[in-house]
1. Kindly evaluate Tyr241 against the criterion of being more than 20 Å from Tyr64 (Cα to Cα), buried (at least 17 other Cβ atoms within 10 Å of the Cβ), among the hydroxyl-bearing types (Ser, Thr, Tyr) and at pLDDT 95 or above.
2. Can you tell me how many residues in region 115-173 are outside any strand (DSSP E or B) and more than 12 Å from Leu102 (Cα to Cα)?
3. Out of region 186-212, which residues are under 28 Å from Ala82 (Cα atoms) and among the polar types (S, T, N, Q)?
4. Give me the pairs: first residue in region 214-237 and in a loop (DSSP other than H, G, I, E, B), second residue at pLDDT below 95 and loosely packed, with under 14 Cβ neighbours inside 10 Å, beta-carbon distance under 8 Å, and six or more apart or on different chains, which are they?
5. Can you tell me which condition Ala76 does not meet? The list is (1) surrounded by 14 or more Cβ atoms within 10 Å (Cβ to Cβ); (2) under 30 Å from Glu167 (Cα atoms), and all the others hold.
6. Here are the criteria: (1) at pLDDT below 95; (2) hydrophobic (A, V, I, L, M, F, W, C); (3) outside any loop (DSSP other than H, G, I, E, B); (4) within 18 Å of the chain's Cα centre (by Cα). Tell me which single one Ala82 does not satisfy.
7. Restricting to region 132-142, name every residue that is modelled with pLDDT of 95 or more and surrounded by fewer than 19 Cβ atoms within 10 Å (Cβ to Cβ).
8. Go through (1) assigned to a strand (DSSP E or B); (2) over 20 Å from the mean Cα position of the chain (by Cα) one by one and return the number of the condition Leu67 breaks.
Amino acid sequence: MARTEKPLFRIAYSLYTKTRLGYIFHKKQLKRTREHYPTGHSIVCPMNINGVKILPVPILSDNYSYLVIDVASNFAVAIDPADPEIIQACLEEEGATLEAILTTHKHCPILDKQTIEVGNLRFQALFTPGHTVGHMIYVLDGEPHNSPNCLFSGDLVFLSGCGRIFEGSSSLMLSSLDVVSSLGDETLLWPGHEYAQDNLMFAASVEPNNPAIFTKLEWVLRQRHQNHCTCPSTIGEEKEYNPFLRTHSSSLHDALGIERQPSEDSTSFRSRVLEEITWNKHICLNSRGFPKIYCI
């Protein structure tokens, strides 16, 4: 049986995304969080990879924007720059020139598999609907730099989590998650939110006999105790502990008490598994109060 959001939530989300009220709310949130987190919600460290500098930029209460800088040219690409003032300050501090802006949430599918080149940086845009019907992710090609690829996943995938299904369906989200799973295990994951601690605690409640979850959770707790950023992880790691990328796992099926029906094909069954995980996460969020629609 399909599980659906409460009508009030759908109304609130629609107002936030489709009217000026959302813009006004976002501006108020920016002002409030700048006051509350004058140096950002997390301590971040740039990663330098053979001529590419990746700088996570903490914004709002738990979001990340990113600056990806081609060191040779000082050209920069900004990914989801939701706070222009902070992004501009970072650009000035780095001495970099902004050449492109990549956003994840609202796009047309004609962008799928397009290549975007800035200096020595080469991104592939991949259409991944589910969180929103126009969601995109961006994969930075590591080959020219003799380094792993880097996935900037927006709200599709987080460390041990995935984005809430606002405008899509579980089957649509599953196909997008499979795009992520198809990327190389060494691919670095740079997500749109600092959700690692809560996500891993949820994963532990879903699959309590998975040691990979507790190993990663122990590390994340140490990081967050010092207010340090937890990204990047890798796709290979995520396959071990992220329940949303483990819909094929028999151990997860056993933990959830779900069995494949004789009439179900594999994709339909995995979609039902994903729906069950998502619903459990929804219940978990609501048990803590009404979730923040602007960042889930």
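The values are calculated or read from the model by the stated rules, or taken from the named source; none is laboratory data. All values derive from a computational prediction rather than experimental measurement. All Cβ positions, even for glycine, are placed from backbone atoms using ideal geometry, and neighbour counts span all protein chains on display.
1. On the way: more than 20 Å from Tyr64 (Cα to Cα): yes; buried (at least 17 other Cβ atoms within 10 Å of the Cβ): yes; among the hydroxyl-bearing types (Ser, Thr, Tyr): yes; at pLDDT 95 or above: yes.
Yes; evaluated as a whole, the condition is true for this residue.
2. So the answer is 33.
3. If the condition is that a residue be under 28 Å from Ala82 (Cα atoms) and among the polar types (S, T, N, Q), then Thr187, Gln197, Asn199 are the ones that fit.
4. Cys229/Cys45
5. Evaluating Ala76 over (1) surrounded by 14 or more Cβ atoms within 10 Å (Cβ to Cβ); (2) under 30 Å from Glu167 (Cα atoms) leaves (2) as the failure.
6. Here Ala82 clears every test but (3).
7. Passing the criteria: only Asp141.
8. Condition (2) is where Leu67 drops out.
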